[in-house]
Amino acid sequence: MPSSSDDDDTSVSSSSSSSSSSSSSEIGSSLGASQWNRFRSQREVRPLRRPDSSERISSNNLQPHAHLLQKRLYVDPILHASSEITEEEDPKESKSELEKFVLLDCLSNHFLLSHLSQHELDHLCNSFQKIRVRDHELIYSRGEESKYLYILYSGDVTHRSDGDHFTNFEGSEKYLVLGEFAVLTGSPYEETARAVSNCTLFRIGRTVFHRFLRPKPEIDTERRVSLFKQAMPDDLTEHIDELDLLKLVSSMKVHQFQEGEILIHKEDTLDYLVIIAEGTVVSSEVSLGGREYDGQSFGPNSSLLSFGWQSILEGSVRAHFKGTMVARSEGVALLLPHSEFHRVLGSNDCTEVTLDHLAARRLARIELQSIPMFQDSLLDDAQVNALLDLMHHCEYSPAHEEEDTIIFKSGEKIEPAIYFVREGSVILEMNKGTDRKAIEAGDYFWEQNMLRDQNKDGKRHYLIRSPMTAIAHGRTVLDVLYLEECRSVVDTTTLGLGRFENNAIDPSIQLSSIDRHALLGTGSFGQVWLACIVDQTHDATTDPSRRTVAFKVQAKHQILESGKAERMVAERNILASLNSPFLLRLYSSFQDESRLYMVTSLLQGGELESLIPEDGLSEAAAKFYAAGILEGIAYMHRRHLIHRDIKTTNVLLNERGYPVIIDFGFAKYVPDKTYTFVGSPIYTGLGGVLGGGFFVVRKIFGGEGNELALFKRICRGSLEIDGLMSMEFRLLISALLYPNPDKRIGSGRNGWKELINTVWFTKDSTLDLHKLRRQRIKAPWVPELKNDLDASSFHPDESEIEDLMTKNFPPVEDEQQKIFAPFGAMVE
């Protein structure tokens with residue numbers, strides 16, 4: 001019984017190979033020698049090898065294609081269903097055995113289809129439609145909507161990527177696949193394909209093809225959650241919240257079993273939980289948790305639904321299985337490996353997730369939520385879990401049991417924090433030791449520190465002078481939550497005020513107070529201006545109290561025509577929930593009959609991309625920018641938000657030279673997993689996590705300068721990291737790009753902590769994370785700005801740009817206007 005997706009991939013690959021070899025001997029006997037030899041030469045398997053230094057292509061070779069490699073992708077099959085032709089689902093002309101064999105061989109070796117079972121490959125093969133194209137007949141044109149992916153079976157085809165020159169396809173691959181990149185990314189065809197002889201091709205519609213690419217859980221999330229809750233022991237139910245439950249069920253593997261199949265053999269090592277979602281499994285001489293099960297049925301129609309809870313809750317039970325589990329019918333089992341259970345629920349301070357550990361975390365959650373200032377803020381589960389994950393575990397173990405250890409002294413400068421006593425006790429001495437107070441296990445102290453951001457001057461306190469001495473009496477265990485880190489999860493300016501405001505919108509900003517000064521950039525249907533907010537009675541150019549901002553104007557009509565209205569609203573709502581110096585800030589939003597407006601933070605340093613030389617950044621500079629970007633990503637991930645389009649052109653620099661992530665058009669709330677294909681091709685391999693790798697990504701995935709070749713190198717793990725910076729950096733990149741995403745660094749519960757605690761970051765004593773958060777470290781490059789209205793870092797082409805504020809647009813229907821309600825009430 002497979003216990004991981006890796007095992008599934010291996011079994012599919014081997015079964016495909018064996019089936020291909022057996023079929024070839026049967027088919028070959030019915031073919032002419034020349035035809036068979038030609039077919040065999042086309043399908044020779046070229047073993048992957050690492051190119052030597054003379055064959056490697058410099059990262060500079062990718063520069064001519066930079067405009068293609070950095071453009072964004074968005075593919076969601078559901079969005080394209082309306083334009084899909086369904087003809088391919090019912091092919092008009094049947095395929096011969098040879099044609100089926102060629103198709104299956106091509107598909108089974110495709111770099112994105114290795115996860116498919118033989119049954120799924122057969123289904124995919126049957127979904128292809130056979131078509132014939134005559135000499136000089138057009139297959140598709142450049143710029144045309146990519147409706148089909150084509151596989152050439154016989155004949156010759158040319159393509160052209162510009163207006164004049166034809167180029168013959170050269171057989172660098174075993175099979176010629178046409179329109180592959182366009183269909184994968186949902187973009188128009190980038191070349192024109194034409195037959196230069198009579199050709200036979202197989203084609204499949206984009207939506208159908210994506211159904212096979214997209215992981216398809218046989219059991220949906222809602223059903224998984226229901227089964228998991230039914231299967232959970234009573235003493236575990238109250239310890240797992242809904243968010244963790246979603247993560248657990250999304251980590252479960254699906255195994256389809258047949259009648260008579262032995263799911264667990266005698267003496268097998270049981271290191272996973274098994275939930276029988278469909279069908280029936282019967283035990284034979286099984287002992288679980290001290291109870292004997294012989295002839296016991298497991299399944300939705302039986303009294304027991306699961307087995308193996310002890311194996312994931314108690315490491316000592318993961319021993320050889322005493323007995324067998326045999327399927328009495330066809331069915332489906334959900335498998336949760338012990339490693340995944342620990343990855344989701346574990347933490348730095350425990351090696352095994354036990355009921356005691358989960359119970360302690362639950363009590364810590366209850367205690368945190370019971371503190372009045374947090375209780376009034378109505379924190380959601382994501383915020384509470386994030387605060388628990390940010391707590392620092394401190395142990396004080398003196399040589400002698402009754403000895404005391406000083407935690408901090410009166411008058412000492414320390415970071416403001418709240419202290420939770422988990423074991424032992426803490427003595428607080430005040431007024432030069434005349435007042436003493438004991439804080440016992442289960443209690444906390446100095447919660448007033450969490451209110452220090454509620455001051456009239458708006459300043460943040462990073463160090464305070466302690467008014468007391470704290471002494472750990474005997475062995476003592478504390479959890480410490482620092483105010484600085486708490487700021488990254490909740491709005492500390494509203495803690496304890498009896499209200500909850502989960503947005504950064506400033507209601508005092510009015511559209512009438514916006515004064516535009518210079519155009520910063522343009523987009524498909526928007527413009528961004530440098531502007532300032534001033535009192536209407538003052539001169540904006542001389543008023544010392546003015547506030548400079550970025551002012552974004554977008555045309556509703558163009559947004560609606562592009563079908564991106566909902567995405568714009570989602571971007572606005574996500575921006576309104578963010579409050580980090582490493583993320584773009586949204587201060588306010590407005591709308592009128594024709595336009596949308598957003599007032600955001602002004603980032604005068606320009607794009608980070610413009611700073612990166614041809615040979616890449618220095619290691620110290622890459623580390624600085626990577627740490628800042630990681631801070632922004634970590635802030636989003638604590639809220640279960642993912643950006644999905646991190647790249648150097650989506651990172652701007654503020655006036656101090658610090659990186660700030662912008663462009664949240666693809667950002668999404670994801671409590672467990674998402675399968676949509678988005679982003680920019682050249683950065684896809686980094687999977688949305690940053691450790692400095694994207695500064696040298698062209699070198700890592702060096703090779704041919706086209707997107708499809710890049711995708712293939714990413715999927716095959718064809719990395720070139722030998723010449724990259726230090727050994728510590730190369731180890732980090734290897735860990736970031738580990739093929740199995742479940743085992744990739746940063747994927748566990750400790751996420752960003754795993755990254756920031758790697759040697760590449762920690763060995764540099766100049767990279768103080770606390771100072772970085774306060775932006776107290778001098779950046780590698782600081783923009784030289786004349787004043788707060790300096791827009792010299794931006795160079796928009798203003799020659800043919802029409803001001804969107806004065807342009808007339810077609811009217812927007814009332815029903816469509818409702819979509820933009822989150823932008824606020826209509827303004828004149």
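Each reported figure results from applying straightforward, stated rules to the coordinates on display, with no laboratory input. Source: prediction; values computed, not measured. Here Cβ is always computed from backbone atoms with ideal geometry, including for glycine, and neighbour counts include all displayed protein chains.
Do any GluC sites (Glu not before Pro) in the stretch 386-486 lie in a loop, going by DSSP, with at most 16 other beta-carbon atoms within 10 Å of their beta carbon, and if so which? Walk me through the numbers before you get to the answer.
Details: sites: Glu395, Glu401, Glu402, Glu403, Glu412, Glu423, Glu429, Glu440, Glu447, Glu484, Glu485; in loops: Glu401, Glu402, Glu403, Glu412.
Filter output for the stretch 386-486: Glu401, Glu402, Glu403, Glu412.
Mind checking the stretch 425-476 for trypsin sites (Lys or Arg not before Pro) that DSSP puts in a loop (not H, G, I, E or B) and that have at most 12 other Cβ atoms within 10 Å?
Details: sites: Lys432, Arg436, Lys437, Arg452, Lys456, Lys459, Arg460, Arg465, Arg475; in loops: Lys432, Arg452, Lys456, Lys459, Arg460.
For trypsin sites (Lys or Arg not before Pro) across the stretch 425-476 that sit outside H, G, I, E and B with at most 12 neighbouring Cβ atoms in 10 Å, the list reads Lys432, Lys456, Lys459.
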Problem set entry | Long-range HN-HN contacts of Leu263 with modeled amide H, under 5 Å | Met325, Val326, Ala327
For this session: Using only the Cα atoms of the stretch 221-345, each taken as one equal point scatterer with no solvent, compute I(q) by the Debye sum, divide by I(0), and report log10 of the ratio at q = 0.10, 0.15 Å⁻¹.
Result: -0.28, -0.65
Exercise. Once the piece of chain linking Glu137 and His557 is laid out straight, how much longer is it, given 0.36 nm per residue of separation minus the C-alpha distance between them?
Worked result: 147.4 nm
Exercise. What FRET efficiency comes out for the pair Thr158/Glu614, r = Cβ-Cβ distance, R0 = 35 Å, nearest 0.05?
Worked result: 0.55
For this session: Pop out the ³J(HN,Hα) list for the stretch 605-611 in order, Karplus 6.51 cos²θ - 1.76 cosθ + 1.60 with θ = phi - 60°, rounded to Hz; leave Gly and Pro as x.
Result: x, x, 6, 4, 3, 5, 8
Problem set entry | Simple spin-label estimate for Glu242 and Arg744 in nanometres, 7 Å along Cα-Cβ | 2.8 nm
Seminar exercise, completed: Rounded to 0.05, the calculated FRET efficiency for the beta carbons of Thr269 and Thr354 at R₀ = 22 Å is 0.70
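In which sequence would Phe111, Phe212 go, from the one with the fewest C-beta neighbours within 10 Å to the one with the most?
Working: Phe111 14, Phe212 20.
So the residues, fewest neighbours to most, are Phe111, Phe212.
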Problem set entry | When each of Lys668/Lys778; Lys564/Lys818; Lys552/Lys771; Lys147/Lys668; Lys668/Lys807; Lys647/Lys668 is checked by Cα-Cα distance, pairs over 22 Å | Lys668/Lys778; Lys552/Lys771; Lys147/Lys668; Lys668/Lys807
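Let's test the formula: R0 of 30 Å, r as the Cβ-Cβ distance of Glu423 and Gln454. What FRET efficiency results, to the nearest 0.05? If you can, show how the numbers build up before the last one.
On the way: r = 32 Å, r/R0 = 1.07.
With a Förster radius of 30 Å, E is 0.40.
How big is the charge dipole of the stretch 370-451 about its Cα centre, in debye rounded to the nearest 20, if each Lys and Arg gets +1 on its Cβ and each Asp and Glu gets -1 on its Cβ? Numbers along the way, then the final one.
Details: 6 positive and 17 negative charges, 77 e Å.
Once rounded to the nearest 20, the dipole reads 380 debye.
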Exercise. Which of Ile312, Leu335, Thr237 sits farthest toward the positive end of the charge dipole of the stretch 221-345, with +1 on the Cβ of Lys and Arg and -1 on the Cβ of Asp and Glu?
Worked result: Leu335
Exercise. How far apart, in nm, are two points set 7 Å out from the Cα along the Cα-to-Cβ line at His392 and at Thr649?
Worked result: 4.1 nm
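Run the numbers for Met727 and His461: contour at 0.36 nm per residue of separation, minus the present Cα-Cα distance, in nm. Each step should come with its number before you reach the end.
Numbers: separation 266, 0.36 × 266 = 95.76 nm, distance 3.80 nm.
Gain on stretching Met727 to His461: 92.0 nm.
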Exercise. Gain in length, Gln118 to Glu402, computed as 0.36 nm per residue apart minus the alpha-carbon separation, to one decimal in nm?
Worked result: 95.5 nm
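Check the stretch 355-486 and count each lysine pair with an alpha-carbon distance under 21 angstrom, considering only pairs eight or more places apart or from different chains.
Values: Lys409/Lys432; Lys409/Lys437; Lys413/Lys432; Lys413/Lys459.
Lysine pairs satisfying the spacing and distance rule in the stretch 355-486 number 4.
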Exercise. Taking Rh as the Kirkwood radius, which is the inverse of the mean 1/r over Cα pairs, what is the Rg/Rh value for the stretch 355-486?
Worked result: 0.97
Exercise. Can you give the net charge of the other residues whose Cβ lies under 11 Å from the Cβ of Leu245, counting K and R as +1 and D and E as -1?
Worked result: -2
